[in-house]
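Everything on this sheet refers to the single structure shown next.
The values are calculated or read from the model by the stated rules, or taken from the named source; none is laboratory data. Bear in mind that the values here come from a model prediction, so they are computed numbers and not experimental data. Heads up, the Cβs are rebuilt from the backbone with ideal geometry, glycines too, and the neighbour counts pull from every protein chain shown. Heads up: the accessible areas ignore ligands, DNA and RNA and are worked out on the full protein's heavy atoms, side chains in. Shrake-Rupley method; radii C 1.70, N 1.55, O 1.52, S 1.80 Å.
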Amino acid sequence: MNYRHGYHAGNFADVVKHLALVAILLHLRKKDTAFSVVDSHAGRGAYDLSGAEAGKTGEAQGGIARLSDLSGEMPEALSTYLSLVRESGPYPGSPLIAAKLLRPQDRLTAIEKHPEEFSALEKLLAPYRNCAAEQGDGYARSLKLLPPPSRRGLVLIDPPFEAPDEFSALAQTVRDAYRKFATGIFLIWYPVKSQADADAFAGEVLAGGAAKAMTIDTRISAPEGKLARAGLLVINPPFGFADVMEQAGRLLAPRLEGEISSAWLVGAE
Ligand SMILES: C[S@@+](CC[C@H](N)C(=O)[O-])C[C@H]1O[C@@H](n2cnc3c(N)ncnc32)[C@H](O)[C@@H]1O
């Protein structure tokens with residue numbers, strides 16, 4: 001477990017993933033009924049972008065730093081994400097974004113395996129009474145938590161991709177999780193190093209029977225050996241999500257000097 005998200009926080013892939021997270025949470029908030037969020041690989045929850053780790057890679061400079069003066073008309077998900085970042089101080093990771101957007105009736109369980117990252121996460125979430133940090137394996141623990149009592153919600157799966165068999169462990173977990181919570185929204189992040197691997201992964205997940213799924217693909221130009229492309233697989237994307245991501249993508253892509261595209265894999269609006 002060498003991966004530390006501090007080296008990558010606020011990079012282009014984080015920006016698009018966290019925008020998608022906000023878009024889904026805003027949708028869930030439209031109904032008064034409670035919802036649950038399970039964040040399987042939560043990280044420490046907040047990242048100092050002027051610290052040593054972020055400084056070493058400079059990745060946030062090609063991501064969130066390029067949005068610092070973005071203003072004007074934009075989808076609510078994008079303005080909400082930018083407000084959360086601007087008011088947060090350290091860059092907010094997925095569990096902090098979720099914690100800030102939950103209402104009193106909603107619940108977050110954030111799972112993190114690494115002891116130091118977990119300890120920081122636990123402290124960060126302590127003031128939020130409806131949020132719990134759990135130390136453990138994100139795949140096994142998420143499956144135990146599904147379906148949530150509320151029967152509405154989001155499962156975010158954002159693994160470190162350190163293990164050579166991460167794609168197959170991820171695909172198997174998503175299939176098992178979907179079987180337990182077929183009405184849930186699933187937001188899954190993965191690096192795209194080869195189109196064939198990404199397609200095989202999506203195929204393996206969809207063989208589990210998901211009736212509605214789409215991908216969002218983000219590419220930037222990056223130096224050799226650095227991540228240049230990342231994907232999001234979204235199962236049961238809420239109504240209007242694809243449009244929001246497309247509108248926001250049109251504003252973000254030129255800033256990131258990249259391309260953001262969406263595609264329906266199965267079902268559509
Ligand atoms: C990509 S980072 C998460 C970033 C976070 N989701 C965000 O958007 O702010 C992946 C995290 O998974 C943690 N991790 C590694 N193996 C894990 C496991 N088996 N279960 C849970 N967490 C794990 C790493 O320590 C790391 O903090």
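So here's what we get for this one:
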| read-out | value |
| --- | --- |
| Pair list, Cβ < 9 Å and 6+ apart or interchain, from segment 42-65 residues that are of a type in the set (D, E, K, R) and within 13 Å of the ligand (Cβ to nearest atom) to residues that are assigned to a helix (DSSP H, G or I) and open to solvent by less than 20 Å² (accessible area, probe 1.4 Å) | 44/6; 44/95; 44/117; 44/121; 53/6; 59/12; 59/13; 59/14 |
| Filter result (closer than 21 Å to residue 132 by Cα and assigned to a helix (DSSP H, G or I)) within segment 1-37 | 5, 18, 21, 22, 24, 25, 26, 28 |
| Listing of helices (runs of 4 or more DSSP H) fully contained in segment 75-151 that carry 2 or more residues being touching a residue at least 60 places away in the same chain (Cβ under 8 Å), under 15 Å from the mean Cα position of the chain (by Cα) and more than 23 Å from residue 4 (Cβ to Cβ) | 76-88 |
| Any hit, segment 64-78, residues being among the small types (Gly, Ala, Ser), more than 26 Å from residue 247 (Cβ to Cβ) and open to solvent by less than 40 Å² (accessible area, probe 1.4 Å) | no |
| Qualifying positions in segment 109-125 - more than 17 Å from residue 37 (Cβ to Cβ) and of a type in the set (A, V, I, L, M, F, W, C) | 118, 120 |
| Qualifying residue in segment 236-255 (condition: within 16 Å of the ligand (Cβ to nearest atom) and not aromatic (Phe, Trp, Tyr)) | no |
| Residue 234, sole failed condition from (1) touching a strand residue (DSSP E or B) at 6+ places or on another chain (Cβ under 6 Å); (2) farther than 20 Å from residue 66 by Cα; (3) assigned to a loop (DSSP other than H, G, I, E, B); (4) in contact (Cβ under 8 Å) with a residue 60 or more places away in the chain | (3) |
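Conditions tested, residue by residue: (1) among the small types (Gly, Ala, Ser); (2) more than 10 Å from the ligand (Cβ to nearest atom); (3) touching a strand residue (DSSP E or B) at 6+ places or on another chain (Cβ under 9 Å); (4) open to solvent by 30 Å² or more (accessible area, probe 1.4 Å).
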| position | (1), (2), (3), (4) |
| --- | --- |
| 152 | no, yes, yes, yes |
| 156 | no, no, yes, no |
| 163 | yes, no, no, yes |
| 166 | no, no, yes, no |
| 173 | no, yes, yes, no |
| 178 | no, yes, yes, yes |
| 181 | no, yes, yes, no |
